[in-house]
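Peer 1: Can you read through this structure? Questions will come right after.
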Ligand code: HEM
Ligand SMILES: [Cu+2]
């Protein structure tokens with residue numbers, strides 16, 4: 001509701017002004033909170049690895065690093081690709097955005113595929129002691145986040161076709177891209193903990 | 001400026017309001033108005049206070065005589081586990097979220113929460129996990145029985161080998177409750193950061209807002225650690241991993257760390273808003289500004305930070321190395337400092353004030369008195385040699401009931417009475433309120449004070465039978481528990497009859513200073529709608545004669561005319 005009198009408008013702020021633009025704030029708060037679950041799992045991994053009397057299950061000598069390394073390179077570079085897509089969107093180059101965004105999704109999907117191949121070739125399972133347990137817990141929980149990220153990107157891609165979608169800003173794409181960087185950073189820590197520190 | 005302009009708004013103000021008996025149906029719908037959600041939370045949690053209270057009556061009935069005669073010891077294990085779980089996850093957390101919903105938007109002058117749909121989703125998860133938890137009474141093998149902390153290896157026993165067992169349902173319920181809490185926390189923090197009225201800088205926020213913010217920060221940073229631990233516990237229980245099973249290389253004490261890393265701070269999630277309620281109410285009923293406002297505000301975050309680094313005081317007797325015990329003894333004692341600052345500020349606020357002994361004020365004074373007592377036993381427990389002696393005895397039970405019921409419970413009642421007129425639009429009956437207070441104070445004291453002696457003499461907690469030398473303390477305690485049960489009758493009577501047909505409440509029955517008191521009682525759906533006020537002074541200006549907001553008369557007039 002608008003008032004004709006400017007003096008009143010100064011003293012009384014209309015309600016809807018305070019309604020918009022919280023999504024990014026809320027999403028960042030959510031990511032901070034979500035990172036604590038990973039921190040908890042990392043802490044469990046470190047403690048169990050340092051204290052467990054029997055770490056590697058029988059018949060397992062360690063993890064091969066080749067496949068995960070390729071995966072790491074793909075995932076880390078996809079973060080830069082996502083950033084590029086964001087730049088395109090910022091310049092309102094919609095098709096540029098869509099193409100590069102789709103490329104990010106493809107790289108993410110390759111990561112999931114690589115993870116699947118690695119899992120299916122491993123000689124131990126979820127129940128192979130604390131080593132198997134923490135390995136599948138960490139990679140699986142991270143993998144779920146990658147899949148969620150891809151789904152969110154698909155949603156953003158779809159929404160880019162809706163007319164007038166960016167009139168209220170690009171908070172959706174910025175949030176998803178932030179989520180992707182988050183998933184990426186978590187993976188780097190995870191990679192160091194699980195594959196490098198053997 | 002034309003008066004007619006205002007008149008148009010006045011006509012718009014009386015929306016169908018939450019609290020009006022004719023629109024009760026909205027309380028059973030996916031409503032996104034924070035005031036409706038607040039009342040949904042509060043009524044739901046009061047119902048579960050009754051459920052948890054009934055479980056407590058059975059427990060106290062069992063303990064009135066030394067042998068295990070009323071219920072089987074196995075049933076007894078399930079009873080205290082469910083009692084603790086219901087009281088924490090279905091009474092205290094939800095009722096405080098109810099207060100957050102009612103008070104955060106109205107106190108900061110926001111039309112609603114930042115994410116109204118998320119807010120409603122957070123509430124509707126409560127009945128969902130309540131059903132999951134209650135269902136565990138009916139599965140073969142009965143409900144979870146390893147205490148509210150669910151330590152392995154006890155919690156990993158599954159003698160019947162069924163997938164849907166009490167413990168599994170318990171973990172699921174707690175995880176759902178965690179999701180609800182995180183939804184809530186994101187909402188509250190975003191709302192406080194982004195939706196304050198113009199002119200309300202951080203140091204003009206009411207203390208309740210400070211404490212809610214500090215408490216929700218703990219939720220955001222602590223709760224995910226428990227979620228992580230609970231996921232691992234569920235895997236151990238249901239999917240054959242061995243994170244916490246020593247026979248498979250795991251470490252049961254690791255779970256204790258996860259549990260207490262959150263659950264110690266969680267007690268501050270509960271008490272911080274109560275500190276907020278005390279800080280709101282003492283100035284109103286003593287007619288004096290809050291003593292040391294800035295220090296009290298900052299002490300809230302001091303508590304947040306310290307609360308995250310004291311958790312091992314619950315594990316002094318879990319094979320914890322001596323250096324670790326010393327470190328955590330020190331940090332635990334440090335947390336008494338910001339807490340003590342607040343106590344000092346309240347007493348200084350009351351000092352030479354014009355004290356009005358209304359029901360909310362009585363509950364506040366009773367709560368403060370009990371809290372000082374609980375703080376003393378807390379510092380005793382933080383001392384390693386004492387704790388090793390009384391750990392796992394009724395002394396601990398006495399300590400935390402003095403905080404959790406005799407302080408937090410009292411603060412909750414104080415808050416309910418104080419804001420009842422604002423959000424229902426009706427006055428409660430003062431006489432019934434006072435009866436409720438007297439019965440509650442006597443019942444709570446008789447119930448929890450004697451347990452200190454039982455504990456010091458060595459009575460272990462969580463057992464259905466005990467040595468006859470402890471009988472006298474238990475008889476008194478059970479008597480107190482039954483008085484507490486009786487105390488709920490005047491409360492329920494008061495709430496129902498006042499809400500239905502109590503006298504109409506004016507906008508500001510207590511002559512309090514605060515944005516929520518500039519609104520009509522009950523406030524319209526969007527609170528200040530299109531006239532969000534500009535705050536020009538700090539809170540608690542009692543006796544200072546300074547207006548809280550620009551153009552204050554307009555708001556007072558509008559609220560009175562609504
Ligand atoms: C002055 C501040 C406080 C200190 C120094 C303190 C200290 C302690 C200590 C050392 C214990 C562990 C005792 C044991 O297990 O052997 C304990 C238990 C407990 N405290 Fe406090 N406390 C304080 C305030 C509070 C507050 C404010 C709350 C609640 C809001 C609270 C709730 C609890 C609970 C629930 C337990 C027992 C949990 C259980 O074993 O099931 N405490 N406290
Ligand atoms: Cu504690």
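Throughout, read-outs are computed from the coordinates displayed, never taken from laboratory work. Everything quoted here is computed from the prediction, not taken from an experiment. Using ideal geometry, Cβ is built from the backbone for each residue, glycine included, and neighbour counts are taken over all protein chains shown.
Peer 1: Give the average, rounded to an integer, of partner chain Cβ atoms located within 10 angstrom of each Cβ in B:550-561.
Peer 2: 1
Peer 1: To continue, here is another question. What spacing in nm lies between the two simple spin-label points modelled at residue B:347 and residue B:69, each 7 Å away from Cα in the Cβ direction?
Peer 2: Spacing of the two 7 Å Cα→Cβ label points: 4.6 nm.
Peer 1: I'd like the mean, over residues of A:43-53, of how many other protein chain beta carbons sit within 10 Å of each residue's own Cβ.
Peer 2: Details: counts 6, 11, 1, 0, 4, 7, 0, 0, 5, 6, 2.
Neighbouring Cβ atoms belonging to other protein chains average 4 per residue here.
Peer 1: Any idea how far apart residue B:501 and residue A:28 come out in nm if each label point goes 7 Å out from Cα toward Cβ?
Peer 2: 5.5 nm
Peer 1: Further question: If you count, for each residue, the other Cβ atoms within 10 Å and average over each peptide, how do A:92-102, B:98-108 line up from highest to lowest? Before the final figure, lay out the partial values.
Peer 2: Numbers: A:92-102: 15.8, B:98-108: 26.3.
Descending mean neighbour count gives B:98-108, A:92-102.
Peer 1: For the protein assembly as shown, what is the calculated [θ] at 222 nm in deg cm²/dmol (nearest 500), taking -39500 (n - 2.57) for each run of four or more DSSP H residues and dividing by its residue count?
Peer 2: -22500 deg cm²/dmol
Peer 1: Treating the angle as unsigned and between 0 and 90°, give the value, to the nearest 10°, between the Cα long axis of helix B:410-424 and the longest Cα principal axis of chain B.
Peer 2: Computed tilt is about 30 degrees.
Peer 1: What angle do you read, to the nearest 10 degrees and between 0 and 90, between the alpha-carbon axis of helix A:129-159 and the longest principal axis of chain A?
Peer 2: 30 degrees
Peer 1: Compute the helix-to-body angle for B:34-63: its Cα long axis versus the longest principal axis of chain B, expressed 0 to 90° and rounded to tens.
Peer 2: Rounded to the nearest ten degrees, it is 30.
Peer 1: To the nearest 0.05, what FRET efficiency results for residue B:434 and residue B:203 with a Förster distance of 30 Å applied to their C-beta separation? Don't skip to the answer; put the middle values down first.
Peer 2: On the way: r = 36 Å, r/R0 = 1.21.
Efficiency for this residue pair is about 0.25.
Peer 1: Now for a separate question. Take the alpha carbon atoms of the stretch B:479-535, find their center, do the same for the stretch A:84-144, and report the distance between the two centers in whole angstrom.
Peer 2: Cα centres, the stretch B:479-535 to the stretch A:84-144: 52 Å.
Peer 1: Give, in nm to one decimal, the length gained when the segment between residue A:61 and residue A:43 is fully stretched (0.36 nm per residue of separation minus the Cα-Cα distance).
Peer 2: On the way: separation 18, 0.36 × 18 = 6.48 nm, distance 2.29 nm.
Difference between extended and current length: 4.2 nm.
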